Amino acid sequence: MSEKTIAVAHADRPVVFTQDEIGWAPWLEPLAADQLTDRHWAGLVDASRAKSPYFMLLARDPEILEARTKTDKDIFYNPAAGLPRAERELSAAATSRDNGCIFCASVHARFATTHSKRREDVQRLLDEGVGVDIDARWNAVIAASVALTSTPSAFGQGEIERLRAVGLDDLAIADAIHGAAFFNWANRLMLSLGEPTAAEKK
Amino acid sequence: MSESEPDVIDLLVGVEKGSRLDAIRAQRPEARDNAQKSYLTLFAPKFPGEMTGEERYALATFVAGLHGDAAILAFYRDGLARQGGPSGIAAAVEGEIARGAAQGPYGCYPVGPLSVEDKAGPIHRVSPANRSALGARLSAALEHAHLLVFRPRDASPAALQSLLDAGWSTTGIVTLSQLVAFLSFQIRVIVGLRALAANSHS
């Protein structure tokens with residue numbers, strides 16, 4: 001007999017894009033804490049991730065989780081030059097908005113707000129969608145993320161020229177590419193292995 | 001396969017040692033190394049689990065084909081050929097690539113204010129002839145991969161249950177999902193960096 005998926009109560013399921021802190025519930029059984037071996041702890045990278053059902057589900061294949069997490073951290077957290085963190089987060093939020101990942105968009109829209117101090121502009125991306133007109137620089141980052149998110153890709157010289165025109169150098173353009181590309185990885189896991197849930201009542 | 005195997009992204013972008021793109025990638029060394037480690041752990045796993053090499057490369061060939069990039073498709077198609085399985089598998093995957101062509105992302109949002117953004121598109125089902133060549137497990141994997149590639153926001157517990165019913169375990173589904181999601185990243189990095197390589201700004 002095959003295994004079964006987990007039913008999630010839909011009562012307060014978020015149905016719009018938001019910067020609020022929302023939750024996420026898995027459709028497949030995560031590992032339990034007492035199932036973790038050294039191999040799984042290595043895959044989690046940060047021990048605190050053992051509290052997250054998302055990472056405890058991904059820990060079922062710890063080697064790819066570890067490589068995924070280290071890729072993610074360097075793309076978004078490496079402070080050396082390139083695209084400012086706020087705009088790396090913008091590429092993540094725009095990609096998540098385009099693919100339709102309400103959970104990923106909430107996290108990375110919040111980070112974009114924290115690092116840019118432009119909460120209203122970030123909210124317009126969530127409310128109006130990826131066609132929003134914010135300013136030349138943000139529009140260019142959003143458009144490049146969307147072109148790269150299309151399958152097959154629609155990304156090319158037009159996107160690169162537009163990013164150069166608003167002041168991005170080679171490394172910053174590479175950062176924008178990696179930010180959008182990485183969220184095409186993350187969105188597909190978050191969207192397909194579980195669903196967003198309402199914020200915990202505080 | 002070993003750590004000394006060429007970096008796949010460098011190989012498919014055409015990054016030469018000491019080139020401008022080599023210098024750009026060198027500034028995000030962890031992202032570069034772990035993108036390659038992700039590839040190695042998915043295609044030459046230390047702990048293969050239930051997913052065979054043939055299943056991994058067949059799925060990758062399908063995903064690369066759906067992204068419409070000839071060089072990346074050739075890379076994974078060669079990997080599938082090296083597995084030495086029945087040639088009917090490769091032929092069936094090629095057939096499904098042709099049948100599966102679409103333009104993503106599309107799909108439906110949870111019912112609510114975002115429903116106005118719902119976008120219709122094909123739901124892929126493997127043809128009866130190719131299903132006999134591929135078997136139930138790989139056929140279910142290809143159908144799920146098509147969902148992940150083009151319409152990840154249509155994901156559901158029912159889609160995962162189809163995989164479980166076709167013989168995939170919970171852990172196997174995590175690996176399969178990582179493989180498709182990782183390729184969604186790797187292919188976009190290659191496409192993006194190739195465009196950047198062609199656009200030298202001096």
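None of the figures in this text is laboratory data; all of them are computed from the coordinates on show. Computed from a predicted structure; not experimentally measured. Heads up, the Cβs are rebuilt from the backbone with ideal geometry, glycines too, and the neighbour counts pull from every protein chain shown.
Choose one of B:V8, B:S184, B:P110: the residue whose Cα lies farthest towards the positive end of the charge dipole of chain B (beta-carbon charges +1 Lys, Arg; -1 Asp, Glu; about the Cα centre).
Most positive-ward Cα: B:P110.
Take a quick pass over chain A and tell me how many lysine pairs come in under 28 angstrom between Cα atoms, counting only ones 8 or more apart or on separate chains.
Close lysine pairs found across chain A: 9.
Please state the charge dipole magnitude for the protein assembly as shown, taken about the Cα centre, from unit charges on C-beta atoms (+1 on K and R, -1 on D and E), reported in debye and rounded to the nearest 20.
Rounded to the nearest 20 debye, it is 120 debye.
What value, in deg cm²/dmol to 500, does the helix sum -39500 (n - 2.57) over DSSP H runs of n ≥ 4 give at 222 nm once divided by the residues of chain A?
Helix contribution divided over all residues of chain A: -18000 deg cm²/dmol.
Suppose we take every Cα in the protein assembly as shown and form the convex hull; what volume per residue is that in Å³?
140
I'd like to know which of A:G43, A:N78, A:A32 lies farthest towards the positive end of the charge dipole of region A:30-105, counting +1 on Cβ of Lys and Arg and -1 on Cβ of Asp and Glu.
Among A:G43, A:N78, A:A32, the one farthest towards the positive end of the dipole of region A:30-105 is A:N78.
When a footprinting reagent is the concern and you count Cβ atoms within 10 Å, what order do A:H115, A:H178, B:H144, B:H124 take, fewest first?
By the 10 Å Cβ count, ascending: A:H115, B:H124, B:H144, A:H178.
For chain B, what is the mean residue ellipticity at 222 nm derived from helices alone (per DSSP H run of n ≥ 4: -39500 (n - 2.57); sum divided by total residues; nearest 500 deg cm²/dmol)?
Dividing the helical sum by the residues of chain B leaves -20500 deg cm²/dmol.
How big is the equivalent ellipsoid of region A:14-202 along its three axes, where each semi-axis is √(5λ) from the Cα gyration tensor, reported in whole Å from largest to smallest?
In descending order, the three semi-axes are 29, 19, 14 Å.
Under the Kirkwood approximation applied to all pairs of distinct alpha-carbon atoms, what is the hydrodynamic radius of region B:51-189 in Å?
Evaluated over region B:51-189, this radius sits at 15.3 Å.
Quick one: if you stick a label point 7 Å off each Cα along the C-beta vector at A:K4 and B:L11, how many nm between them?
If labels sit at A:K4 and B:L11, their model points lie 4.5 nm apart.
Name the residue from B:N130, A:F111, B:A141 whose Cα lies farthest towards the positive end of the charge dipole of the protein assembly as shown, charges +1 on Cβ of Lys and Arg and -1 on Cβ of Asp and Glu.
Positive-most Cα among the choices belongs to A:F111.
Once each part is reduced to its C-alpha centroid, what is the distance from region A:69-142 to region B:100-141 in angstrom?
Going from one Cα centre to the other spans 28 Å.
Given R₀ = 25 Å, FRET efficiency for B:A44-A:A42 by Cβ-Cβ distance, to 0.05?
Rounded to the nearest 0.05, the efficiency is 0.90.
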